[in-house]
Amino acid sequence: MEMYTQIQWLFLLALPIACISWTVTHEEIFREPREYCVNRSQNDQTLVRRKFYYLFTCEYCFSHYITIFFLFLTDFKLLMPDWRGYLVAGFALVWLANLYMNIYALIRQAIKKEKTEIKILEKKTEK
């Protein structure tokens with residue numbers, strides 16, 4: 001695969017990884033399973049079980065496993081055609097997916113702040 005095509009794949013493949021990781025670890029639709037995992041990650045008896053359940057509560061940790069799934073699904077390698085290409089692609093995808101998630105979180109935070117400021121202004125104008 002040409003370098004330009006690899007870069008395109010890198011930036012595009014990181015999008016579904018970020019989307020799945022964010023949705024599972026933050027959105028309302030997975031709230032109940034996430035709360036169960038949070039409880040188990042804090043209160044389970046063994047360290048291995050606590051760490052296993054923690055994986056479903058942290059977007060950074062979860063993105064590693066989603067990345068591995070997508071690497072097997074797409075056979076994407078970056079820079080090198082052997083196992084090292086998988087390794088480089090994996091870490092590059094995780095980094096980029098987490099960059100996307102951080103940008104998304106900042107945008108959501110800014111929107112929430114604006115909505116709160118608008119509500120405050122509306123209450124002031126009503127008085």
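Just so it is clear, none of the values below were taken in a lab; they were calculated from the coordinates. Because the structure is predicted, anything quoted here is derived from the model rather than measured. In this analysis, Cβ positions are derived from the backbone assuming ideal geometry, glycine residues included, and neighbour counts consider all displayed protein chains.
For the reader, a short list of remarks on this structure follows.
- Inter-site label distance for residue 47 and residue 108 at 7 Å from Cα along Cβ, in nm: 3.2
- On Cα atoms only, tilt of 83-126 relative to the major axis of the chain in degrees: 10
- By the rule of a C-alpha distance below 18 Å, with chain neighbours fewer than 8 residues away ignored, the aspartates and glutamates paired with residue 124 are 114.
- With 0.36 nm allotted per residue and the present C-alpha distance subtracted, the residue 79-residue 116 stretch has 8.7 nm of extension available.
- Label point distance in nm, residue 11-residue 58, each placed 7 Å from Cα along Cα→Cβ: 3.0
- Counting only lysines at least 8 places from residue 127 when in the same chain, those with an alpha carbon closer than 26 Å to its own are 112, 113, 115, 119.
- Here, P(r) means the percent of Cα pairs in each 5 Å bin from 0 to the largest distance; for the chain it is 2, 10, 16, 15, 14, 13, 10, 8, 5, 3, 2, 1, 0, 0.
- Applying a 4.7 Å Cβ-Cβ cutoff to the chain, the cysteines left without a disulfide-compatible partner are 19, 37.
- Here the 3J(HN,Hα) profile of region 38-53, calculated from phi with Karplus coefficients 6.51, -1.76 and 1.60 at θ = phi - 60°, is 4, 4, 5, 5, 9, 10, 6, 6, 9, 4, 4, 5, 4, 5, 4, 5 Hz, Gly and Pro shown as x.
- Estimated [θ] at 222 nm from DSSP helical runs (n ≥ 4, -39500 (n - 2.57)) normalised by residues in the chain, nearest 500: -28500 deg cm²/dmol
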